[in-house]
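Engineer: Questions regarding the structure given below will be posed in turn.
All of the numbers you see were taken from the coordinates with simple rules; none came from a lab. Keep in mind the model is a prediction, meaning the values are calculated, not measured. Cβ placement follows ideal geometry from the backbone for every residue including glycine, while neighbour counts extend to all protein chains displayed.
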Ligand code: PAZ
């Protein structure tokens, strides 16, 4: 029997990025989740969400981070579930989370009232937490039906190893798996072998950093780890004039199914879904914004239709 192909990225991952101790356990959980839902006729989407933390010291005091709040990933998870998908939510610890995201900026104690009495009853002020009853009901249904599997990462290393494990875990359900890679992942890192152990000392003068390029994990994901899956990457730029070119180049390089292209400042109201054959602009109107429509509902609708076609083409 042919040996499985070991890409150079696999080697680099093992050598330069610390392997989280729970990765095998998480992989088994994800595989069981995917198989259970696929057997029940559901599709499974792996959503990545939030930014990665890149340590500068191995006993980390300082690290490099980025702007991502996790809102795109968290809201998309809710819309995928409404469309009938089961969701593996690979997210940055403490970034926005499905359902609770709506209340995350509030001071919880301001929304509660102590009624006192023997039972110490506490009631919720529904004016401070609008929609709490509806959201709580839906959250509990999703939990009971085990439609959402949350997995957390903090560092870039954890993200890379957990994404690889997810891709391998989902490979068993073929084209029923979708990868929705919305996390903002660092392009730069300091290899474990070059990282100082202790806190960098300011008494040594100004800090000059030299960082390596993070391996492009999309390549083995598409080619080796989950070759039958429907894969969507995200591309963020601050200069709108280079965005679509870069999205198209990514499709040519990695040969996956779609890129969702967005610009930092307009990302809540405008994105372009680019595929090898098409380009769809998704825009929120003023009316949509008044009605609190979120752009993610349009992104998810566009991509789930494309996933349907993809499955039909694959004969699945
Ligand atoms: O997490 P968020 O809602 O604040 O932002 C979403 C986003 C801009 C991180 C996402 O849409 C995205 O583009 N992710 C990929 C970023 C990149 O080019 O690496």
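Engineer: At what distance in nm do the modelled label points of residue 265 and residue 106 sit from each other, each positioned 7 Å from its Cα along Cα→Cβ?
Structural biologist: If labels sit at residue 265 and residue 106, their model points lie 3.2 nm apart.
Engineer: Further question on the same structure: Would you mind getting me the FRET efficiency between residue 279 and residue 238? Use the beta-carbon distance for r and R0 = 22 Å, nearest 0.05.
Structural biologist: Once the sixth-power term is evaluated, E becomes 0.60.
Engineer: Moving on to the next point. Taking only the C-alpha atoms, wrap a convex hull around the chain and report its volume per residue in Å³ as a whole number.
Structural biologist: Working: hull volume 61.2 nm³, N = 316.
Roughly 194 Å³ of hull volume per residue.
Engineer: Taking 41 Å as R0, compute the FRET efficiency from the Cβ-Cβ separation of residue 223 and residue 301 and round it to 0.05. It would help to have the intermediate numbers written out before the result.
Structural biologist: Details: r = 29 Å, r/R0 = 0.70.
Efficiency for this residue pair is about 0.90.
Engineer: Something else: Does a label point 7 Å from the Cα of residue 15, set along Cα-to-beta-carbon, have any residues of the stretch 209-234 with amide nitrogen under 18 Å, and which are they?
Structural biologist: 211-217, 220
Engineer: Right, here's the next one. Over the stretch 1-141, what per residue volume does the convex hull of the Cα atoms give, in whole Å³?
Structural biologist: Once divided by residue count, the hull of the stretch 1-141 is 217 Å³.
Engineer: At 7 Å along the Cα-to-beta-carbon direction for both residue 126 and residue 249, put a label point, then send me their distance in nm to one decimal.
Structural biologist: 5.3
Engineer: Label points 7 Å out from Cα along the Cβ direction at residue 292 and residue 67: separation in nm?
Structural biologist: Placing both labels 7 Å beyond Cα along the Cβ direction yields 2.5 nm.
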